[in-house]
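Structure record follows, encoded as structure tokens.
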Amino acid sequence: MKQPVLTITLNPALDKTVTVEDFILGGLNRIKEWRMDAGGKGINVAKVLQNFSVDVTAWGLCAGRQGNVLTDTLSSLGIPNWFVQAKGETRTNLKIYVELTQEITELNEPGFTVDDDVLNQFLNRFETDVRQMSLVVLAGSLPKGIPPDFYGTLIRIANEVGVRTVLDADGEPFIHGIEAVPYAIKPNIHELESFFGESFRTDEEIIDAARRLIAKGIAYVAVSLGGEGSILVTEKEAIRAKPAPITPLSTVGAGDSMVAALIYCMMQGMSLEETARWSSAAGTVTALKPGTQVCTLAEVEDKLSSVNIWSILQKTTNSN
């Protein structure tokens, strides 16, 4: 039986995106159109993988009526899901898109608080079923009540049964996750600089930092650079990808689309150069969409030729 990719979203959201012509602070603003999407980084990854015809299932935590809306939305998209119900209410994240300035303002709620019973329910099933997965994606923030090393705990459990993990988080969850040695990570440049407490001005400095993480046992480090593209690093290669300039409608989900494309390419056995091209194109296509809509396979394929790719050679020592 084909083993699915598992995405985990522990602090999901309903993303409500409203469009206004202009925004008047302290005044009346009339909404031209709006949309509601199931959101959260792991869920966004699942939506892209579903668009790419990858067998994917979404797990996580949710709460209240909003949580039921979220899981119903995933089911309507054809994404199998299992979410443990916590007390409280799943957050709604409001995104205001202003047509005049082409800017998005985000107002994110804190979300629910998790107790030990909910956390143990999730952990018990993960320990039992993770071996049935081909790969696990751990993405996004942690709600209150979950210890900051929880991603690290899940990564160690997956590693013990030989299941690869991809980590996309920041702050303490990222630091503890790195210590558990995931298979691949996708920090943005700010998260990478924060982790090391350094500033990186050149591609070579970014690659050096990525290789310090690879020395810990991580196989892939994909660093997103916003509009400047990305750098994908392994032990032996470093590929720079830069898409054609765009005016983004929303950057929400762009990094998640990169993660999904990275996974898709890994499963397809693509080269690092192809992977860099695909992941950059996926992030670009999603950034061109309003709200939290994500890219499709056909859209990414159409954008591949617009991504510039080049290899950055590493310094090596010949050991003949």
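The values are calculated or read from the model by the stated rules, or taken from the named source; none is laboratory data. Computed from a predicted model, the values in this text were never measured in an experiment. Ideal geometry is used to build each Cβ from the backbone, glycine not excepted, and the neighbour counts take in all protein chains shown.
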Taking the condition over 30 Å from Gln268 (Cα atoms) and in the same structural domain as Phe23 (by TED's automatic domain parsing), does Thr128 pass? no
Specify which of the listed residues (Leu100, Leu192) is at negative phi and assigned to a loop (DSSP other than H, G, I, E, B). Leu100
Scan the range 214-235 and report the pairs whose first residue is basic (Lys, Arg) and whose second residue is surrounded by 15 or more Cβ atoms within 10 Å (Cβ to Cβ) and modelled with pLDDT of 95 or more, with Cβ atoms within less than 9 Å and a gap of 6+ or a chain change. Lys216/Ile178; Lys216/Val181
Mind checking which pairs have a first residue in the range 56-73 that is closer than 15 Å to Lys41 by Cβ and a second that is among the aromatic types (Phe, Trp, Tyr) and surrounded by fewer than 20 Cβ atoms within 10 Å (Cβ to Cβ), Cβ under 6 Å, 6 or more apart or different chains? Trp59/Trp82
Residue, modelled with the lowest pLDDT, within the range 193-249, restricted to residues that are surrounded by fewer than 21 Cβ atoms within 10 Å (Cβ to Cβ) and of a type in the set (Ser, Thr, Tyr): Thr247
Given the conditions (1) touching a Pro at 6+ places or on another chain (Cβ under 8 Å); (2) surrounded by fewer than 21 Cβ atoms within 10 Å (Cβ to Cβ), and given that Val56 satisfies all but one, which numbered condition is not satisfied? (2)
For Ser279, indicate whether it is crowded, with 24+ Cβ neighbours inside 10 Å and part of a helix (DSSP H, G or I). yes
Just to check your reading of the model, which residue among Lys95, Lys41, Lys47, Lys16 is among the charged types (D, E, K, R), within 19 Å of the chain's Cα centre (by Cα) and either surrounded by fewer than 22 Cβ atoms within 10 Å (Cβ to Cβ) or on the phi > 0 side of the Ramachandran plot (or both)? Lys16
Quick check on this structure: which one of Val98, Val137, Val130 is touching a residue at least 40 places away in the same chain (Cβ under 8 Å) and more than 23 Å from Ala260 (Cα to Cα)? Val98
